Every structure is written in structure tokens, then in C-alpha cells.
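The values are calculated or read from the model by the stated rules, or taken from the named source; none is laboratory data. Computed from a predicted structure; not experimentally measured. Cβ: placed from backbone, ideal geometry, glycine included. Neighbour counts: every protein chain shown. Surface areas here come from the heavy atoms of the whole protein model, side chains and all, with no ligands, DNA or RNA. Shrake-Rupley method; radii C 1.70, N 1.55, O 1.52, S 1.80 Å.
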Amino acid sequence: MVWSVRLRDEEQETEQSEAETTLSTCSECGSSDVVQHPSPGERICENCGLVIEEGMIDSGPEWRAFNHQERQNKSRVGAPTTQTIHDKGLTTQIDWKNKDAYGRSISSKKRSQMNRLRKWQTRIRTKDAGERNLQFALSEIERMASALGVPKAVREVTSVIYRRALQEDLIRGRSIEGVATAALYAGCRQEGIPRSLEEVTEVSRIERIEISRTYRYISNELGLELLPIDPKQYVPRFTSKLDLSQEVETKAKEIIDETADPLLSGRGPSGFAAAAIYAATLLCNEKRTQKDVADVAQVTEVTIRNRYQEQIEMLDVY
């Protein structure tokens with residue numbers, strides 16, 4: 001019985017693939033240049049002009065739109081699912097505007113009723129403590145990611161990392177904010193977005209040492225394969241904040257390429273990049289003080305001074 005069902009399914013798949021091949025190949029000249037014209041509902045061979053199929057069913061919308069705003073207004077589908085919301089954006093949400101479908105203000109009685117509905121809708125979106133934990137953590141991730149100016153892809157990856165940590169019960173004994181901040185730092189590193197631990201700490205409510213400890217813990221437990229940060233990733237952002245030219249940026253990257261091996265081992269990438277930028281400003285006659293560079297890179301002047309001395313000694317430039 002099982003074998004007969006399996007054979008029948010395989011025969012249906014074979015027939016379907018053969019039908020698709022037939023429709024994508026011209027039966028007259030054998031050409032594969034077959035195009036579909038949705039307006040007349042025809043499939044035509046561009047080589048010989050043969051109408052392979054006609055009277056096709058249009059699977060598109062029945063309405064017409066001529067710009068993006070019209071398409072958005074007429075579209076009847078919701079937003080795509082996202083990991084940045086605890087319920088992945090699948091639940092409905094009552095609009096905060098107290099207006100009806102025609103844009104007119106509703107009465108005070110209806111307004112109080114809608115406020116009560118919003119309150120209950122907010123309550124029932126989270127059914128247990130785990131979802132409330134996730135909702136709070138994802139809102140914190142969104143706040144910090146917005147302050148850091150990281151793209152949406154990093155927020156999605158960070159949310160997935162936090163969900164995995166929650167599923168593996170790595171939150172127990174640690175603060176929600178600490179794990180969320182560590183997940184954001186891991187997400188930035190995984191997506192190649194240069195954000196130092198000091199920058200992440202600045203937008204967080206957690207101390208740097210706790211973020212660092214939590215990051216190492218979840219990285220080991222979840223098996224995150226994170227590569228070391230390349231100092232060159234910091235150079236464009238730092239030079240832009242210092243209002244430096246493209247020549248300085250290129251020179252700083254050259255200095256990093258020539259001195260990273262072996263000087264970078266055991267040293268912070270942001271401080272190494274800042275020292276290379278400082279050296280490049282001197283070589284390109286666009287001098288900036290060590291304090292200016294240190295403020296932008298969020299490192300100390302001593303760090304820049306030490307890395308700068310090591311780089312110029314290796315380059316033999318005085």
C-alpha cells in the first residue's frame with residue numbers, strides 16, 4: 001500500500017516536471033526563449049512567434065496601481081514575519097489613532113472603549129513569563145540598536161541569538177539587559193558591523209565587565225563562530241567623524257595591512273585603527289591631535305600613543 005502511494009506521487013511529480021519542461025520549450029523550433037505576457041494571458045516563443053499557451057489565469061491582484069503609495073494603500077497583505085517582535089508580528093494591533101475608517105474622529109464613548117480594548121490586547125499578547133521576558137529583551141535590543149545605528153539585518157540576527165539563549169536556559173542567574181546587550185554585540189560581530197564593546201556599553205544600562213563576561217559565556221555555550229574584528233572596518237567611520245580626506249583613509253588602511261602582523265595580536269582593534277589614523281594624518285599633513293582621535297575611537301590617548309610608536313617603529317618612519 002505504501003509503495004503504491006509513493007509510486008503514484010512520483011508519477012505525479014514526473015508528469016508535472018514534464019509539463020513544465022514542455023511549456024518552457026517551444027514545440028515548433030525547440031527554442032527555450034519562451035516568455036509570458038500577463039496582459040493577454042499568453043506564453044509565446046520569441047524565436048518563431050508560436051503561441052504555446054493562451055487563456056492563462058492571472059495570479060496577480062485585480063487592482064491597478066501606478067506608484068508605490070497606491071500599491072501600499074491597495075495591498076491587503078500584512079507585514080512579513082520578523083524575529084525582532086516576540087510573537088514574530090503575527091498578532092493584530094489596534095491603531096492608536098481615534099478615527100474611524102473614513103478618518104473622522106470617534107465619540108468619547110467609543111474612545112474609552114477603544115482604550116480598554118488596547119489595554120486588554122496588550123495584556124493577552126504575552127501569555128506567560130517567558131514571552132514577557134522576550135518582549136522586554138527585544139524592546140531593549142531595538143532601543144540599543146537604534147542608538148548605535150545598526151541595520152535591520154543585525155537586529156534580526158541579535159534577536160535570533162537571544163531566542164537561542166532563552167531556549168537553552170542561559171538567562172538563568174543573569175540579567176535580561178546583560179544578555180540582550182551581549183547578544184547585540186555578538187550580532188554586530190557576526191554581521192561584520194564595527195561596533196566596539198565601549199560603544200555598546202555606552203548605550204546599555206549594564207557595566208562593561210558584565211557585558212564582556214556574558215558575551216563570552218553565550219558565545220561558548222551557543223557555539224558562535226565569530227572571527228576577530230578587522231581594524232580596517234573602523235577606519236571609514238572614524239575618518240568620517242574626524243572630517244578627514246580619502247587619502248588619509250587609504251593611508252591608514254595601508255598602515256594596518258603592513259603592521260597588523262604581528263602587532264595586532266593581543267591588542268584592541270579600535271585602538272589599533274585609531275593609531276593608524278593618527279599616523280596617517282601626520283603623513284598626509286592633515287594633523288589631528290591624539291585627544292581628537294581618542295575621543296572618536298573611545299580609547300585613551302595612552303593607547304594611541306603606544307600603538308603609534310609600535311607602528312612607526314615597524315614601518316621605520318620617523
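Express the Stokes-Einstein translational diffusion coefficient of region 166-318 in µm² s⁻¹, to the nearest whole number, given a Kirkwood radius over alpha-carbon pairs, 37 °C and a viscosity of 0.692 mPa s.
199 µm²/s
D for the chain, whole µm²/s, Stokes-Einstein with Kirkwood Rh over alpha-carbon pairs at 10 °C and 1.306 mPa s: what number?
62 µm²/s
Could you work out how far apart the two model spin labels at Asp261 and Ser31 are, taking each label as a point 7 Å from the Cα in the direction of the beta carbon, and quote it in nm?
The modelled label-to-label distance comes out at 5.4 nm.
Counting residues in region 150-192 as N, plug N into 2.2 N^0.38 Å and put the Cα Rg over that result.
Against the compact-globule rule of thumb, the ratio is 1.10.
Report, in degrees rounded to the nearest 10, the 0 to 90 angle that the Cα long axis of helix 269-283 makes with the longest principal axis of the chain.
Helix 269-283 sits at roughly 70 degrees to that axis.
Under a 1.4 angstrom probe, counting protein chains only, how are Ile141, Ile85 ranked by accessible area, largest first?
From most accessible down to least: Ile85, Ile141.
Helix 2-24 versus the longest principal axis of the chain: what angle, 0 to 90°, nearest 10, using Cα atoms?
90 degrees
Roughly how large, in nm² to one decimal, is the mean projection of the convex hull of the alpha-carbon atoms in region 84-172?
The directionally averaged projection comes out at 7.7 nm².
Alpha carbon centre of region 227-244 versus region 45-87: separation in Å?
With region 227-244 and region 45-87 each reduced to a Cα centre, they are spaced 42 Å.
Which residues among region 70-105 fall inside the zone where the amide N is under 12 Å from a point 7 Å beyond the Cα of Gln113, along Cα→Cβ?
Hits in region 70-105 for Gln113 at 12 Å: none.
With everything on Cα atoms, drop me the angle between helix 108-124 and the longest principal axis of the chain, reported from 0 to 90° to the nearest 10.
70 degrees
Holding the Cα-Cα limit at 23 Å, pick out from Lys97/Lys119; Lys152/Lys253; Lys232/Lys287 the pairs that are longer than that.
Lys152/Lys253
Suppose only helical runs count, i.e. DSSP H with n ≥ 4. What mean residue ellipticity at 222 nm does that imply for the chain under -39500 (n - 2.57) per run, divided by all residues and rounded to the nearest 500 deg cm²/dmol?
One gets -18500 deg cm²/dmol as the mean residue ellipticity at 222 nm.
In terms of modelled amide H atoms, which long-range or inter-chain residues lie less than 5 Å from the amide H of Glu53?
Excluding prolines and chain starts, which carry no amide H, the hits are Arg43.
Where the accessible area of the chain is counted over protein heavy atoms with a 1.4 Å probe, how much of it, in %, is carbon and sulfur?
Carbon plus sulfur share of accessible area: 49 percent.
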